Structures are given as structure tokens and as C-alpha cells.
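One structure below.
The values are calculated or read from the model by the stated rules, or taken from the named source; none is laboratory data. Keep in mind the model is a prediction, meaning the values are calculated, not measured. Here the Cβ positions follow ideal geometry from the backbone for every residue, glycine too, while neighbour counts run over all protein chains shown.
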Amino acid sequence: MLNRSQADWIHLDIMDGVFVPNISFGMPVIKRVRQLSEKPLDVHLMIVQPERYIHTFREMGADLLTVHWEASTHLHRTISQIKEEDMLAGVALNPHTPVAGLEDIINDVNLVLIMSVNPGFGGQKFIERSLHKISELREMIKRNKSEALIEVDGGVCRDNIAAIVKAGADAVVAGNAVFKSEDPEAAIQSLKQV
């Protein structure tokens with residue numbers, strides 16, 4: 001269904017039970033999804049010390065690897081390592097983390113993921129303050145002539161996607177809005193039409 005759909009990427013959340021209070025899946029699942037998917041894999045690491053696994057996630061088939069600013073002691077080095085593995089590099093920010101801290105690396109990343117819920121669990125309500133963060137980040141990208149994309153993850157649905165895009169988002173992650181609908185493929189199409 002996802003291969004047929006209008007989805008641009010498949011977003012996979014990797015959780016370790018330490019950085020976030022939940023555990024998802026790991027390398028074997030990503031490897032299998034890579035074998036089945038015709039779409040790029042957008043892998044979001046919600047784990048401590050993500051730098052330990054950069055090479056392994058590339059081997060499993062990740063095309064874009066996003067790490068959390070809050071989990072990366074040496075963020076610039078981690079972003080460089082991701083790019084050295086021929087993946088696109090992303091950095092994610094939790095809802096409480098200000099975008100201002102990205103000024104020094106905004107030209108080094110391919111994507112910034114704004115978490116619009118507290119990471120770790122699906123089905124949460126979109127945090128409205130995220131719209132301000134998206135706009136602020138869009139201004140930073142313009143000011144620095146960066147080519148970084150803005151991705152938004154958490155509580156995205158048909159009711160708020162227009163405001164998210166208007167604020168400056170280039171891509172959204174829609175979990176429950178797609179997979180809890182009666183027709184996931186139509187739900188993706190509906191979101192893409194906004």
C-alpha cells in the first residue's frame with residue numbers, strides 16, 4: 001500500500017526505552033522494510049548515543065538518518081559521520097528545545113525535524129506552540145541561505161496540516177492520521193492535497 005501511495009518517504013521511529021520511555025524495533029525490521037520498500041527510508045533515532053549506530057543503520061538501508069540534538073553530545077561530529085556514510089543528515093528537536101541552538105549547524109544538515117509532541121508515543125495531540133517554532137526555523141533557514149528541509153512529527157492530521165505547511169514545513173509525518181483511517185492510501189492522498 002505504501003509503495004502505491006503518494007507518500008514520499010517511509011518514516012521509521014527507533015526508540016530505545018532510555019531516551020524515550022518506549023521501545024520500538026531495530027535493525028532487522030529496518031532491513032526487511034528496505035527490501036520491501038520502493039520509497040526512501042527516513043529513520044528517526046530516539047536513542048542515546050546515536051553515533052554508535054550510524055554505520056549499522058546505513059547497512060540496514062536508511063537513506064536519511066535523524067538524530068536528536070538532546071541525545072548528541074557532539075552534534076556536528078555526528079552529522080558529519082552521517083554524511084560520510086552517504087546518508088542525508090537530520091537533527092530533531094523536542095518540543096521544549098529552542099530552534100536558536102541550530103544556528104551554528106543549519107547549513108550542515110539536510111533536514112530539521114520539529115517534534116510537535118513529546119517523543120515516544122503515537123496518538124498525542126499536536127502542541128500548538130510548534131507552529132511558532134516552525135516559522136522561527138523557516139526564518140533561520142532563509143537568513144542563513146540553508147537548504148535544510150523542515151519536517152514536523154506529532155499529532156499531524158487533516159485539521160492542522162494547512163497551518164503546519166503555512167508556518168513553513170516542507171514535510172510532515174502522519175502516523176495515526178494515516179494508519180488509523182479506514183483507507184490509509186486515501187488518507188495520504190488527502191493530506192498531500194493540502
Review point. Hey, any hits in the stretch 117-129 for a residue that's farther than 22 Å from Q81 by Cα and not in a loop (DSSP other than H, G, I, E, B)?
Key: no
Practice item. Could you list, in sequence order, all residues of the stretch 152-192 that are within 21 Å of L64 (Cβ to Cβ), part of a loop (DSSP other than H, G, I, E, B) and hydrophobic (A, V, I, L, M, F, W, C)? Key: V156, A169, A174
Check your understanding: Which condition number in (1) over 16 Å from the mean Cα position of the chain (by Cα); (2) within 22 Å of G154 (Cβ to Cβ) is the one that L102 fails?
Key -> (1)
Review point. In the stretch 29-40, which residue that is closer than 26 Å to N118 by Cβ and out of contact with any helix residue (DSSP H, G or I) (no Cβ under 6 Å at 6 or more places or on another chain) is surrounded by the fewest Cβ atoms within 10 Å (Cβ to Cβ)?
Key: V29
Review point. For L64, are the conditions met, namely being within 22 Å of R138 (Cα to Cα) and touching a residue at least 60 places away in the same chain (Cβ under 8 Å)?
Key: no
Review point. Any residue at all in the stretch 147-156 that is at pLDDT 95 or above and out of contact with any Leu (no Cβ under 9 Å at 6 or more places or on another chain)?
Key: yes
Practice item. For residues that are at pLDDT 95 or above and part of a loop (DSSP other than H, G, I, E, B), scanning just the stretch 50-72, find the one that is surrounded by the most Cβ atoms within 10 Å (Cβ to Cβ). Key: A62
Check your understanding: From the list F25, F19, which one is without any contact (Cβ under 8 Å) to a residue 24 or more places away in the chain and of a type in the set (F, W, Y)?
Key -> F25
Point to revise | Number of the condition not met by I141 [criteria: (1) more than 24 Å from V67 (Cβ to Cβ); (2) among the hydrophobic types (A, V, I, L, M, F, W, C); (3) in a helix (DSSP H, G or I)] | key: (1)
Exercise for review: Kindly indicate whether S116 is among the hydroxyl-bearing types (S, T, Y), surrounded by 13 or more Cβ atoms within 10 Å (Cβ to Cβ), within 20 Å of V67 (Cβ to Cβ) and touching an Asp or Glu at 6+ places or on another chain (Cβ under 9 Å).
Suggested key: yes
